Structure formats: C-alpha cells, structure tokens
Amino acid sequence: MTESRFLDRRSFLIAAGAAGLAGTQARAQANFPSRPINLIVPFAAGGSTDIVARLVGQKMGEILGQSVVIENRAGAGGNIGSTAVARAQPDGYTLLLGTISTHALNPAILKTVTFDAVKDFTPINLLAIVPNVMVVHPDFPAKTVKEVIEVLKANPGKYSYASSGVGTPLHLSGELFKSLGGVQMNHVPYRGAGPALNDVVAGAVPIMFDNLPSSAGFIRSGQLRAIGVTTKERVSSFPDLPTIAEGGLAGYETYTWNALFGPANMPRPIVEKINQAANQALKDENVKKKLNDVSADIVGSTPEQLGEHVKVELAKWAPIAKASGAVVE
C-alpha cells in the first residue's frame with residue numbers, strides 16, 4: 001500500500017470513528033436520562049437546601065422518567081460537594097443543588113479555592129430564593145429584636161449563636177447582626193443547618209440564624225421562637241413576623257437561594273431537558289404549595305438567567321464576605 005493510500009485509509013478510519021462517536025453521543029443525549037440522576041446537596045440533611053432538593057428532585061424524577069437520587073455531601077460550607085460536581089463527567093447524571101454559599105460566598109472566603117464558580121459549572125436553573133430567620137430557644141429571655149440586643153449588651157460574650165458553617169449566609173447573618181446591633185456573640189459553626197437546629201432546639205446553643213424553610217416547623221410547634229426574618233419584606237407564611245430591619249436594625253438584609261448546576265461543558269440538549277423538567281416541577285401545584293409553606297420564593301429560570309445571577313451575586317457578596325473576616329482553611 002502506498003503512503004498516500006495509507007494516509008487516505010487512516011483519515012477515513014479517523015473520520016468514521018469520529019462520526020460513530022458523534023452518533024453515539026447524539027443517541028445518548030436523545031435518550032437522556034437512561035439511568036438515575038445523582039443530585040448532590042453540599043450540606044447536611046434537614047436544612048433548607050435539602051428540603052428544596054427533595055421536593056423539586058422528586059417531581060423532576062417523575063417528569064424525566066428516572067429517579068433523582070439526593071446525596072448529601074456536607075463540609076467546608078458546601079465546598080466538598082461542589083468540588084465533586086465540578087470534577088464529575090458533564091453527562092447530566094451528576095448535578096449540584098448550589099446556593100449563595102457555594103457560588104457567591106465561598107470564592108471570597110476560602111483560603112484555597114478548589115473550583116471557579118463560573119468556569120467550572122454549567123448553570124441550569126435558579127429554583128428559589130429563600131429568606132433567613134433569627135430564632136432563639138424558648139427559654140431565651142427576649143422576644144423582639146430590641147430585647148435581644150438589650151440582653152446581649154447586658155451580657156457581652158455570654159451567649160452564642162449557631163450556624164450551618166463558617167462563611168455561610170447564616171454565619172454572615174449573625175455577623176451582620178453583631179455589627180449593626182453593636183453586640184457580642186460567640187459563633188458556633190456546624191456541618192449543616194440540620195445538626196445546628198438540633199442543638200438549638202435542645203437548648204445547647206440559644207440563638208441561630210437559619211433558612212426559614214428548615215426552621216418553619218419548629219417555629220410553628222413552639223420548639224423555637226422566631227425573632228425576625230432577614231429579608232426586606234415580611235414573608236407570606238409568617239405575616240405577623242416582622243423583619244429584623246423593622247425590629248430596629250435598619251438596612252439589615254440577608255437571604256440565600258437554591259439553583260441547579262452541572263459540571264462545565266454539559267451538552268446543550270441535556271441542559272435544556274433538565275431545565276425544562278425543573279421549570280415544570282416548580283409549576284406543579286403540590287410542589288408550589290410545599291415550597292410556599294416553607295416560605296421559599298419560587299423563581300424558575302433559563303440557564304442564561306442563572307449564569308447572570310451568579311455573576312451579580314459574586315460582585316455583591318464578595319466585599320461583604322471579606323469584610324466579615326470569615327476565612328475557611
């Protein structure tokens with residue numbers, strides 16, 4: 001065989017192989033999903049991120065015809081689970097329930113950044129925005145923001161507040177309260193909101209800043225006393241609960257959000273299929289009711305809208321996170 005014929009045959013085989021691979025990829029995308037999808041929640045079970053993931057994920061599984069399996073990988077303010085997704089195959093079978101922590105705060109407070117919040121992920125859908133709430137154990141001697149401040153000022157350094165971890169929105173909620181209120185509290189970080197809530201309900205720590213969805217049941221049952229929500233406006237599920245700003249700390253506002261991400265470079269057809277399933281799930285009456293019951297503000301978005309949202313949040317929260325002095329080793 002002459003050299004030119006050999007090269008022609010080699011080129012033909014390469015082209016045929018590429019065409020075959022492209023055909024296989026196209027079939028895989030068309031048949032997606034053909035097995036269960038793993039949705040990583042980078043926080044402990046029981047927190048608001050976990051609640052949103054399970055409500056929306058179950059309905060998405062029904063829509064897609066495959067189970068959406070929730071896997072909790074807590075640690076480092078969501079960094080461990082997020083890094084796992086950033087390094088996963090971009091085939092749509094490993095997704096992340098990302099938050100303001102993973103995609104806006106961690107890049108500002110992590111001493112060693114193990115992912116790029118923009119470049120290492122494919123944005124899919126902004127699911128919901130979630131208010132935070134300040135809660136105390138029923139034995140704590142205060143019922144309003146002003147009374148809390150009075151107690152803390154009278155007892156500097158005596159009381160502690162719990163959060164879901166260093167550098168999380170709940171940690172920064174506490175630090176902002178300390179700054180604006182001119183009070184002292186010790187910060188007790190946990191590996192997720194669930195374990196923190198358990199200790200506050202048990203009375204081991206008297207104060208907590210939490211996502212409202214995970215505290216709502218404890219507030220309604222009387223196991224926790226709500227002091228105020230952290231958003232600018234009151235929430236529909238607790239219309240009589242004032243905002244912390246109304247209670248005396250003008251300008252106080254914190255919140256979190258939940259969004260679906262995949263690894264970078266996911267095929268567009270798969271991104272669109274997951275996005276559509278998520279938007280459809282958010283329109284389901286049962287899902288809407290349950291999310292509204294826990295005060296999650298349903299959003300739903302295009303991948304592009306989520307991508308822009310992340311950039312805006314990074315610019316907004318980076319200076320606030322750095323000013324708090326929070327650093328995760």
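Using a 1.4 Å probe on the protein heavy atoms, what percent of the accessible area of segment 187-314 belongs to carbon and sulfur? Let's see the in-between values first.
On the way: 2650 of 5390 Å².
Roughly 49 percent, rounded to a whole number.
For the set Lys232, Lys311, solvent exposure ranked by accessible area (probe 1.4 Å, protein chains only) runs largest to smallest as Lys232, Lys311. One compactness figure for segment 66-131 is 1.11, namely its Cα radius of gyration divided by 2.2 N^0.38 Å.
Charges only on Cβ, +1 for Lys and Arg, -1 for Asp and Glu: so what's the dipole of the chain about the Cα centre, in debye to the nearest 20?
Working: 30 positive and 27 negative charges, 87 e Å.
So the dipole magnitude of the chain works out to roughly 420 debye.
Under the simplified labelling scheme, the Arg268-Ile80 pair shows an inter-label distance of 3.8 nm, with each label point 7 Å from Cα along Cα→Cβ. Accessible-area rank, largest first, for Phe238, Phe261, Phe218: Phe218, Phe238, Phe261, with all protein chains present and a 1.4 angstrom probe. Close amide-amide hydrogen proximity is noted between Gln66 and no other residue 5 or more places distant or on a separate chain, at a cut-off under 5 Å (H modeled in the peptide plane; Pro and chain starts excluded). For the pair Lys311 and Ala250, a Förster radius of 25 Å applied to the C-beta separation gives a FRET efficiency near 0.30, rounded to the nearest 0.05. Projecting the Cα positions of Pro33, Ala278, Gly181 onto the charge dipole of the chain (unit charges on Cβ atoms of Lys, Arg, Asp and Glu, taken about the Cα centre) puts Pro33 furthest along the positive direction. Relative to the first principal axis of the alpha-carbon coordinates of the chain, what is the inclination of helix 212-221, with its axis defined by its Cα atoms, in degrees from 0 to 90 and to the nearest 10? Tilt of helix 212-221: around 40 degrees.
Rolling a 1.4 Å sphere over the protein heavy atoms, what is the accessible area per residue of segment 19-163, to the nearest Å²?
Working: 5620 Å² over 145 residues.
Computed with neighbouring chains in place, this is 39 Å² per residue.
Rolled with a 1.4 Å probe across the full set of protein chains, the surface gives Arg54 an accessible area near 100 Å².
Could you work out the Rg to Rh ratio of segment 189-241, with Rh taken as the Kirkwood radius (inverse of the mean 1/r over all Cα pairs)?
Values: Rg = 11.2 Å, Rh = 11.7 Å.
Using only Cα positions, Rg/Rh for segment 189-241 is 0.96.
Grouping the Cα pair distances of segment 171-287 into 5 Å bins from zero gives a pair-distance distribution of 2, 9, 16, 17, 16, 14, 10, 9, 6, 2, 0 percent in increasing distance order. Above 15 Å lies some portion of the pair distances; for segment 245-329, what is it as a whole percent of all C-alpha pairs? More than 15 Å apart: 72 percent of the Cα pairs in segment 245-329. Which residues in segment 249-268 place their backbone N less than 16 Å from a point set 7 Å from the Cα of His187 along the Cα-to-Cβ direction? Of the residues in segment 249-268, 254-255 have backbone N under 16 Å from the label point off His187. Rounded to the nearest whole Hz, the Karplus-based 3J(HN,Hα) values (6.51 cos²θ - 1.76 cosθ + 1.60, θ = phi - 60°) of segment 61-74 follow the sequence x, 5, 5, 7, x, 9, 5, 9, 8, 7, 10, 8, 10, 7, with x at glycine and proline. Summarising the overall dimensions of segment 65-220 from its C-alpha atoms, the Rg and Dmax are 17.4, 58 angstrom. For segment 41-183, the fraction of 1.4 Å probe accessible surface lying on carbon and sulfur atoms is 50 percent.
Please give the Cα centre distance for segment 157-202 versus segment 22-99, rounded to the nearest Å. With segment 157-202 and segment 22-99 each reduced to a Cα centre, they are spaced 29 Å. So how far apart, in nm, are the two label points at Glu71 and Lys111 if each is 7 Å from Cα heading toward Cβ? My value for the distance between the label points is 2.8 nm. The amide H of Gln184, built 1.01 Å from its N in the peptide plane, has Gly157 as neighbours under 5 Å, considering only residues 5 or more places off or on other chains. Geometric descriptor of the chain, per residue, is 137 Å³ (volume of the convex hull of the Cα atoms). Each residue of segment 143-159 is assigned a 3J(HN,Hα), and the resulting list reads 10, 10, 4, 4, 5, 4, 4, 4, 5, 5, 5, 6, 9, x, x, 6, 9 Hz, derived from the Karplus form 6.51 cos²θ - 1.76 cosθ + 1.60 (θ = phi - 60°), x at Gly and Pro.
The values are calculated or read from the model by the stated rules, or taken from the named source; none is laboratory data. Everything numeric in this text was worked out from a predicted model, so none of it was measured. A quick note on method: Cβ atoms are made from the backbone with ideal geometry, for glycine too, and the neighbour counts reach across all protein chains shown. Keep in mind that these areas ignore ligands, DNA and RNA; they rest on the heavy atoms of the full protein, side chains included. Shrake-Rupley method; radii C 1.70, N 1.55, O 1.52, S 1.80 Å.
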